[in-house]
1. Given the options 630, 537, 622, name the one that is over 22 Å from residue 341 (Cα atoms) and touching a helix residue (DSSP H, G or I) at 6+ places or on another chain (Cβ under 6 Å).
2. Going through segment 384-404 one residue at a time, which ones are surrounded by fewer than 24 Cβ atoms within 10 Å (Cβ to Cβ), in a helix (DSSP H, G or I) and at pLDDT 95 or above?
3. Take segment 169-183 and flag every residue that is in contact with a helix residue (DSSP H, G or I) (Cβ under 8 Å, 6 or more places away or on another chain) and over 24 Å from residue 76 (Cα atoms).
4. Restricting the search to segment 621-650, which residues are within 27 Å of residue 314 (Cα to Cα) and either modelled with pLDDT under 95 or assigned to a loop (DSSP other than H, G, I, E, B) (or both)?
5. Can you tell me how many residues in segment 450-464 are over 28 Å from the mean Cα position of the chain (by Cα) and surrounded by 17 or more Cβ atoms within 10 Å (Cβ to Cβ)?
6. Sort out which residues of segment 149-163 are farther than 26 Å from residue 260 by Cβ and part of a strand (DSSP E or B), and write them in order of number.
7. When you scan segment 314-323, do you find a residue that is crowded, with 24+ Cβ neighbours inside 10 Å and within 21 Å of residue 478 (Cα to Cα), even just one?
8. Quickly run through segment 658-668 and pick out the residues that are at pLDDT 95 or above and surrounded by fewer than 17 Cβ atoms within 10 Å (Cβ to Cβ).
């Protein structure tokens, strides 16, 4: 007979595994994942104290290689080298190496034994409570007597900065601090950046100093067997984008960090992550799915912050992928899960667009249209930033409808009329004006939208693309509904156009991806999006016919992961639970890399974390298995079926009232 205590401890152990992803083979395949706080992203790697890069959110500078504004790497203040008895520590002279990602409190943890003499444990944290700051906290336990030293320099990314000046400053006063500092200008002088780093001894007799050239900071200690010591390297990164005087500010914030005390700082960071995790997804019976889904939430939470009016790029703060630009990935893939799980982040993401409405209006005018035409790739200024070699920036117009739909959904979830009147309605109205000027009237009374690129980017320069036309229909309908709520008038033609925009069918009855489509390989689902999320095609037979047809046309090698997450949702809505699970597994398994479930864009690619794919996978769980939908009446739950191995699905913190929704497997 199994005792209650045994069952309880087993459940507790499984719960902990759902939060912690670990590895202990330094020679195995390895892709790192970042720690980030919505402002800075840090990418730790497997070698002792290795930090690949630091990414700065919303700081864009012209990049000579790409030819467009690119989100920049920050000056990296974490270039630690540990030395034990005269030997630099690397992956060749350590043993007992372990690493873990603690998703509950967003920390990256490493441990090893150096030279057989010192057990080293260190934690990398991008502080949620201090958005421009991060720490590496190092705990030492001497196995034998040893002389230990740490050195740290600033790493300045190639081609991204000019005029760097590094110095080791001893500031005497109330705080008496020693700071390693680098000031520099971004490559073309748009911003100035100041980075300050400081060794903060917590336990042990550390001696601090700087090199003669004032470009290196040192912390040294002699330890005897059994002795313990703790040292933290703190850093703050500030630019003129956010501060008129980043030079003093980077020092000021770092001193504030030190004087608060590291324990208190970490406690504050943990409290904020506890608040974020009020919106959580718990899967009983499937540890693989639990870790992958929670890792997806962890990354989306890491890449944005409430109150910033910033959004999330496809690779988040894990890399400079796609130049850090904001695409439809934000509104269609990543924003919907945040709208369910965290309205603060969702509001920031949609307000990113609202604050850049004027730039979208200018772009519409430049291209000969009315209203607002949002850029396919947006930089911090809200202007078109697609590299000129790509035609997507000129013709992937569906993004304007995607954004309007996102704004309408924010109101449907929050019921915030003040926001709708002041922020959402101006955007939705301008988007509707764009589509009314973009359509072309046909002789039979219908309307076409010609010369576009749809969600399937393999098909370029096509007419009446299903998804683009669906985005236009959705925008015009949403605009009419929004206007009624705030007592605004709309042109009668908006409703008339929405009813008459062409959705083409092929001879076999399948919804055509575009006029003239004839079975070509597609990059990702396009016509299927008319069922979900747009809810334009509602007949189940038609939905299934479209679904079964286009699944056979997907590029299985180079197509992005998002399509399969959406296919999973649709199959679940059709009551086909086995197919829903098959598509769910297909949405992540070919794309996830060890050891930390780093999500690549395609099965053939390799990158730190593809946040867009994570968003689609989360929708498979929230909108599919969880049965949650956003409707004109708010969030509702309909019948759904769980994968066979899942005992229970619990989704907490949903919507403005932070409700909990539970689905129990009836077969368990």
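The values are calculated or read from the model by the stated rules, or taken from the named source; none is laboratory data. Computed from a predicted structure; not experimentally measured. Every residue, glycine as well, gets a Cβ built from its backbone with ideal geometry; the counts of neighbours run over all protein chains shown.
1. 537
2. Matches in segment 384-404: 395 only.
3. 175
4. 626, 627
5. Count: 3.
6. Across segment 149-163, the qualifying residues are 149, 155, 161, 162, 163.
7. No, that holds for no residue.
8. Start the filter on segment 658-668 by keeping residues that are at pLDDT 95 or above, which leaves 658-664.
Passing the criteria: 658, 659, 660, 662, 664.
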